[in-house]
Amino acid sequence: MSPAPETILQGPPLEQPAAEVNVSARLRSWAREAPDRCAVRKDQGTSMTFAELEARCNRLARGLRRVGLTRGDRASLFVRPGPELIALTHALFRTGIVPVLIDPGMGRRNLLACVARIRPRALIGVPAVHLARKLFPRAFSSVEFAISVGPRLGLAQHTLDEIEAGEDDSFEIADTSRFEEAAILFTSGSTGPPKGVSYNHGNFEAQLKALEQLYRLEPGETDVACFPLFALFDNALGLTSIFPEMDATHPARCDPARIFRALESGATFTFGSPAIWRRVLPWMQRKRKRFSTLRRITIAGAPIAPELVLALRDRMPAGGEVHTPYGATEALPVSNISGAEIQGDVRARTEAGEGTCVGRLAPGIEVALLEIGEEPFDSWKPGMQPPPGEPGEICVRGHVVTREYKYEPAATALAKIGTEGDLWHRMGDIGYVDDEGRLWYLGRKSHRLQTKNGLLMPVPYENVFNRCEKVHRTALVGIGPSGREEPCLVVEAQRGANRRRLLEDIEDWKRHHAPQAPIERFLVHPSFPVDVRHNAKIHRLELKSWAEKRTR
């Protein structure tokens, strides 16, 4: 076994998953305990009880086996958020078939490349994806079973109704081991090409236990699933899922009135992108609305401004809390911070330019820091960690940490340190630990600036300038080659702001609030390019290219 690094932080203990585990067995137990409880519904639409969902999962599982799919096969799912997504995913878990989830908003080229790389045996989706299969046959050449969630239209071999047909509602859940592959979830591609993250059944079980412990989730609660992938956990936890009326691929375009209506239908919990809350909160303020039942709001996907967290917190009932978990597709949850803690010294330190505090570690997580660099490591060696008190790349270990990118050994080697039983994941983020035992985030490693005066991380400076009136958000990018990059702050204005006047305000803000900031160049961009999953992560490399063209 490789030498262990110095563990900087350690979260509360978390029980190790059993040797044999299948998340869908949790759904079955809730169907037996609370058969008549609503399991999933669309806002203002159809619903299913736990008993109905259990029966449907079993019929789908039997049908998938009947047409010829077997344990270990991969099935690409392109299904709209709602009851079908939940039922199909659990049916696949039960059979040991591996669902492959790819965000359709990542763009045609990326989507086709992801399908071609994973080579699924089955394609289960809406008719539009089966049309894509006909138009781009090379990407889908591995598909033997085409199942349409909707009419066949001559594009698929089976419909979902045909798969589900049958009177037998029984099915024996596969005895999957904790290390057996359970699903492949693709990253959003916001910081590089999308990669397929291989989850095993133990990862999912550990995530469920960590979320239960971290947020004290109780059976019978209701989640409004503003981020559909999170809803896959709900029914395994005994929660009801409500899918609001929104386009999940464009959360920044959501109708705040519809989101609020769904939340006011008895929701106690919700998880969503900051882009959603930047629309919902102003609408609530204009309408003088408050939440009546929400106990917890969780916001993730990008660094969150303290004022957004605290303003939402003020709209909740007594005892309600806003949480901002930190993690990634490869490891989630890693840490969490609440509005109560932000309201203390954290807000002042954030706005003073110390970075973004992502809080205290989640159950079962260990964190170590790695000296900033690009070299892959197969094991820890002396001298790999930064000097005490210095920032470094955040590395995490725990049962929620995934082990590989599917069919991408080079990417896996760059992201993982150690071997079986001693695996650390490199988050690709730079951070440090404060004296209170809290983790702070300074930005992505790939977004660091290498200037003639040394290293600059973007997030601390952005937090300072984001407070300027009429500023929607900022991004610090480097102009020129590495080692001689000139810092340039790119600014996106709030709607209706005068861009020329905004530049004057930004320069004035620097003189009064950040005189030591090594930034002399400012540009206003009409609308930042952002990731498709959360509409919140800024595509800084695109902004860098744009800024360099503007300053030639």
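The values are calculated or read from the model by the stated rules, or taken from the named source; none is laboratory data. Since the structure is predicted, the reported quantities are computational estimates derived from the model, not experimental observations. Note that we place each Cβ from the backbone using ideal geometry, even for glycine, and neighbour counts take in every protein chain shown.
Kindly indicate which of 75, 18 is in contact with a Lys or Arg (Cβ under 9 Å, 6 or more places away or on another chain), of a type in the set (Gly, Ala, Ser) and assigned to a strand (DSSP E or B).
It is 75.
Of all residues in segment 331-348 being in contact (Cβ under 8 Å) with a residue 40 or more places away in the chain and closer than 18 Å to residue 271 by Cβ, which is surrounded by the fewest Cβ atoms within 10 Å (Cβ to Cβ)?
Per the stated criteria, the residue is 332.
Can you pull out the helices (runs of 4 or more DSSP H) entirely within segment 438-552 that have at least 3 residues that are closer than 22 Å to residue 328 by Cα?
Ranges flagged: 458-465, 540-550.
Scanning segment 356-377 for residues that are part of a strand (DSSP E or B) and among the β-branched types (Val, Ile, Thr), which turns out nearest to the chain's Cα centre (by Cα)?
My answer is 358.
Report yes if some residue within segment 472-479 is out of contact with any His (no Cβ under 6 Å at 6 or more places or on another chain) and either in the same structural domain as residue 308 (by TED's automatic domain parsing) or over 30 Å from residue 282 (Cα atoms) (or both); otherwise report no.
Looking through segment 472-479, at least one residue is out of contact with any His (no Cβ under 6 Å at 6 or more places or on another chain) and either in the same structural domain as residue 308 (by TED's automatic domain parsing) or over 30 Å from residue 282 (Cα atoms) (or both).
What's the total number of residues in segment 12-55 that are touching a strand residue (DSSP E or B) at 6+ places or on another chain (Cβ under 7 Å), among the hydroxyl-bearing types (Ser, Thr, Tyr) and farther than 28 Å from residue 200 by Cα?
Going through segment 12-55 one residue at a time, the tally reaches 1.
Checking the conditions here, which among 212, 181 is surrounded by fewer than 23 Cβ atoms within 10 Å (Cβ to Cβ) and either assigned by TED's automatic domain parsing to the domain that holds residue 534 or more than 19 Å from residue 321 (Cβ to Cβ) (or both)?
181
Of everything in segment 238-258, what is in a helix (DSSP H, G or I) and either small (Gly, Ala, Ser) or more than 19 Å from the chain's Cα centre (by Cα) (or both)? Give them in sequence order.
Within segment 238-258, 252, 256, 257, 258 meet the criteria.
Hey, could you check segment 118-132 for residues that are outside any loop (DSSP other than H, G, I, E, B), crowded, with 19+ Cβ neighbours inside 10 Å and of a type outside the set (A, V, I, L, M) and say which is nearest to the chain's Cα centre (by Cα)?
Ranking the qualifying residues of segment 118-132, first place goes to 125.
On the basis of being at pLDDT 95 or above and either over 22 Å from the mean Cα position of the chain (by Cα) or outside any helix (DSSP H, G or I) (or both), does residue 80 make the cut?
no
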